[in-house]
Amino acid sequence: MSASAEGNARAAGYTPHPYVGGRTAALRALAAWRMRWPGAPRVIVLTGNPGSGRSRLLTGFLMMCDPEYRKQLPIDDLDPATVPPDLPAPAVPSAAGRTAAQVLWLLADHFELAAGRTEDVFAELAARDEPVTIVVPDVDQAGPVRAAEEATRVVREVLTPLAATETVQLLADVPRELATELAGALPASQVQVIDLDAPEWADPKGLVLHAETALDAGAGAPELPYTTDPAARRALAEALAARAAGSRLTVQLAVQSLLMAPEGFDPADASQLPTSVGEALDLHARRLGADPQTLRLMLAPLAFAEGDGLPVQLLGTLANAVAGRDMSQDLADGMLLAAPFIQPVEPSSEDDEDGTGEDAEAGAGAGRTLLRLMHPALAEEIRSGLPDVRDTQTRIAMALLEEVPQQDWAQADPYIRDHLAAHTLEAGLLPQLLTDPGLFAHADPVTLRAAIEAVPLEQLGAPARTYLRTAPLLTRSQASATLRAAFLESAFVEDGLAPYAEALHTRGFRLPWRTLWSVPLAGVRAVTTGSVAATGEDGTAVSRSVAALLVPEGTPGSRTLPAAADGAVAPQDGTGAADGTAAGEDAGAVNGDGAAAAGGRTALLLHDLRAPEYVDADPSLVVQPSEEDRAAAPLGFSRGADYLRVWARADRRMVAALVSDSPVTDADLSPDGVLVVATERGVTARQILVAAPPAAPSVPAQRTGTTDADASHGLEGDHS
């Protein structure tokens, strides 16, 4: 199959694909791959220069692979060799804006796999009786943070293992610099590289048709001599295609330029037709009597924009920062100048409200208009023309930081909250930014985590390391900003960063708890609260509230109880009761039999309930709350494998919801509202603040495994 197929198809009178408008050779190869034609490769790597039309080709092919959409196409009029068989649609996990882990878990969800770890996904796919078909588009746009180079991780951590799985039929749209790496991991007989800029796959006649269709007044173009006259339209289309060197993006930009501003355009003057994306920018500016550098400076903020696009309110601020001068008049006068290269974007629901449910943040995202460049290749062209990208990013980051009112992240534009880290990453300043716990709580955890992970661990300070280990929990729970703050507050206490935890109580959050203490004590099998007689500093007897921890014998500071010690501490049995009370509250005393049931000899360790210190007292004298005390307490709780809910007994209102990043081994709630939780990581005590009911996080279905497969995708559910 080669470009000669284009001529053969036209000679046979077949209709070009209505969306692709050509690419017969490539479409034939893709159709043969889809039907598993004898000799067809199992894996196809689609590549080409930016702007070569890879996305358009793949979209057109997928139209024919979708049973419902293909009903809208003139299938009977197309070249039969380009039409894939009428089969169920393939899995299409787009990589655009997603991490490698997100792409992988989208696949796991699609195929309803029971995998809990990364390697399990590939193993389950390999064990399937029937092959599965997977199409992965937009790998060049992977990741929520551009500078993190997520496309490389997608190829190495997702596509290469998928390609090596014999039951997987894979088609991936990959940047040229990664295409060779992906294809080189397979035997030559199993893989084919389709490079749309290579002579055998080039489609010069299709490019002419692309230009001719775009110029057609009957298809929506304004009425001009070269849009209404078929001969003139054809001649201009041929001239555009000849100059564009196979780049569909160059043709598209040139057509948009002359249709939006036809003044001064002479179709007979070939020097007015661009040969590259950069020349399309410069020719447009000169034709409108503007300085090409001014146009590039106007567009520069969009060339650095992250996510879905830049809020229009920030365009002027960032243009001034990039140019180092006031660009307000240039922007006011230059909308026609910039129009062919910009497109508005409808904000996603995530951009609008951030999922926080808090008025300040929801209001900050309401009614915004986002702008972005027409194509990522435009951004690369503009960035490459700047003398110092890192310096430009520094000026952008500083300008964004100044736009945060009183440094209150709740009032900041969602774009600044979520993407400032990405700008500071490329500026080399991200570690300096990662000191404000308010930003940690308000920023989108998927984006912030991706930016932080791109920094070498040794360059990160302690708060950033705490955030990094907590980020999978923040995304897995799909928590609001308030709950993110609550989880981080506990994490800071766990890591010995109490000032950062305390700072979160001063940032306007209505936190559901205050973390009193945390000890990294592994092996705790049960906990309960109570009181014990102890000696005060003045030598007098006092009663101290304590948490009694059932630990392995030999744990420093613990005491082994004699068998059948009356009045000893009653452990929890590790389950949650449906009525919200902790099951096992009235279990028998810890004695010889209880120790054996727990799995080995055990001992008791007493910790002050409210202060970060152990209590040296006889654990056999611990007095637990009576059944009546617990029943009269204002709060009750229930728990699962890695989450707890605390609720008010009076009205059944939930006042706190805790999701743990490690399995919960036991928990107890004192009558006065101190929640003590033991996990595989350690023990933490939290004072529940009843007056501050938060929104509950969603509790995802449990998966087995504890590896960071783990990294959550935070979009269509989560599997971190």
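The values are calculated or read from the model by the stated rules, or taken from the named source; none is laboratory data. Since the model is a prediction, treat every value here as computed from it, not as a measurement. A quick note on method: Cβ atoms are made from the backbone with ideal geometry, for glycine too, and the neighbour counts reach across all protein chains shown. With ligands, DNA and RNA removed, areas are computed over all heavy atoms of the protein, side chains included. Shrake-Rupley method; radii C 1.70, N 1.55, O 1.52, S 1.80 Å.
Table for the structure above
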quantity	calculated
Residue match in segment 86-97 (condition: more than 25 Å from M35 (Cα to Cα) and either polar (S, T, N, Q) or in contact with a helix residue (DSSP H, G or I) (Cβ under 8 Å, 6 or more places away or on another chain) (or both))	yes
Selection status of V193, open to solvent by less than 10 Å² (accessible area, probe 1.4 Å) and in contact with a Ser or Thr (Cβ under 8 Å, 6 or more places away or on another chain)	no
Cross-chain or 6+ apart pairs with Cβ under 7 Å, segment 473-485 first and within 20 Å of A410 (Cβ to Cβ) and among the aliphatic types (A, V, I, L, M), then at pLDDT 90 or above and part of a helix (DSSP H, G or I)	L474/P445; L474/R484; L474/F487; A479/F487; A481/A441; A481/H442; A485/A441; A485/L504
Scan of segment 606-644 for residues that are in a strand (DSSP E or B) and either within 16 Å of R686 (Cα to Cα) or open to solvent by 80 Å² or more (accessible area, probe 1.4 Å) (or both), ordered by number	H607, D608, Y614, V623, L635, G636, F637, S638, R639, Y643, L644
Flag if L318 is aliphatic (A, V, I, L, M), modelled with pLDDT of 95 or more, surrounded by fewer than 23 Cβ atoms within 10 Å (Cβ to Cβ) and not in a loop (DSSP other than H, G, I, E, B)	no
Test: residue in segment 587-600 that is open to solvent by 50 Å² or more (accessible area, probe 1.4 Å), out of contact with any His (no Cβ under 7 Å at 6 or more places or on another chain), modelled with pLDDT of 50 or more and outside any helix (DSSP H, G or I)	no
Scan of segment 288-312 for residues that are open to solvent by less than 50 Å² (accessible area, probe 1.4 Å) and without any contact (Cβ under 8 Å) to a residue 60 or more places away in the chain, ordered by number	A290, P292, T294, L295, L297, M298
Residue within segment 687-694 that is closer than 21 Å to F492 by Cα and of a type in the set (S, T, N, Q) present	yes
Residues located in segment 255-287, provided they are in contact with a Pro (Cβ under 7 Å, 6 or more places away or on another chain) and either touching a residue at least 40 places away in the same chain (Cβ under 8 Å) or under 24 Å from A321 (Cβ atoms) (or both)	Q256, S257, L259, M260, L281, D282, H284, A285
When residues of segment 225-253 are limited to those that are assigned to a loop (DSSP other than H, G, I, E, B) and touching a residue at least 60 places away in the same chain (Cβ under 8 Å), the one farthest from H375 (Cα to Cα)	G246
Selection within segment 290-308 - at pLDDT 95 or above and under 18 Å from A421 (Cα atoms)	P301, L302, A303, F304, A305, E306
Some residue of segment 205-217 being of a type in the set (S, T, Y) and over 35 Å from the mean Cα position of the chain (by Cα)	yes
Segment 477-492, subset assigned to a helix (DSSP H, G or I) and in contact with a Phe, Trp or Tyr (Cβ under 7 Å, 6 or more places away or on another chain), residue most open to solvent (accessible area, probe 1.4 Å)	T482
Residue among S660, S670 that alone is among the hydroxyl-bearing types (S, T, Y), open to solvent by less than 20 Å² (accessible area, probe 1.4 Å), within 25 Å of Y614 (Cα to Cα) and modelled with pLDDT under 95	S660
Inter-residue pairs, beta-carbon under 7 Å, first over 12 Å from P262 (Cα atoms) and in segment 207-224, second open to solvent by 60 Å² or more (accessible area, probe 1.4 Å) and at pLDDT below 90, 6+ apart	T213/A219
Unique match (being at pLDDT below 95, surrounded by fewer than 19 Cβ atoms within 10 Å (Cβ to Cβ) and closer than 12 Å to A100 by Cα) among E130, E157, E149	E149
Residue match in segment 207-224 (condition: in a loop (DSSP other than H, G, I, E, B), at pLDDT 90 or above, open to solvent by 40 Å² or more (accessible area, probe 1.4 Å) and closer than 16 Å to R56 by Cα)	no
Residue check for V92: open to solvent by 50 Å² or more (accessible area, probe 1.4 Å) and β-branched (V, I, T)	yes
Members of segment 493-545 that are part of a strand (DSSP E or B), open to solvent by less than 70 Å² (accessible area, probe 1.4 Å) and not small (G, A, S)	W513, T515, L516, W517, V519, V527, T528, T529, V532, V542, R544
Complete set of residues in segment 110-121 that are open to solvent by less than 60 Å² (accessible area, probe 1.4 Å) and either among the hydroxyl-bearing types (S, T, Y) or within 15 Å of A91 (Cα to Cα) (or both)	F111, L113, T118, V121
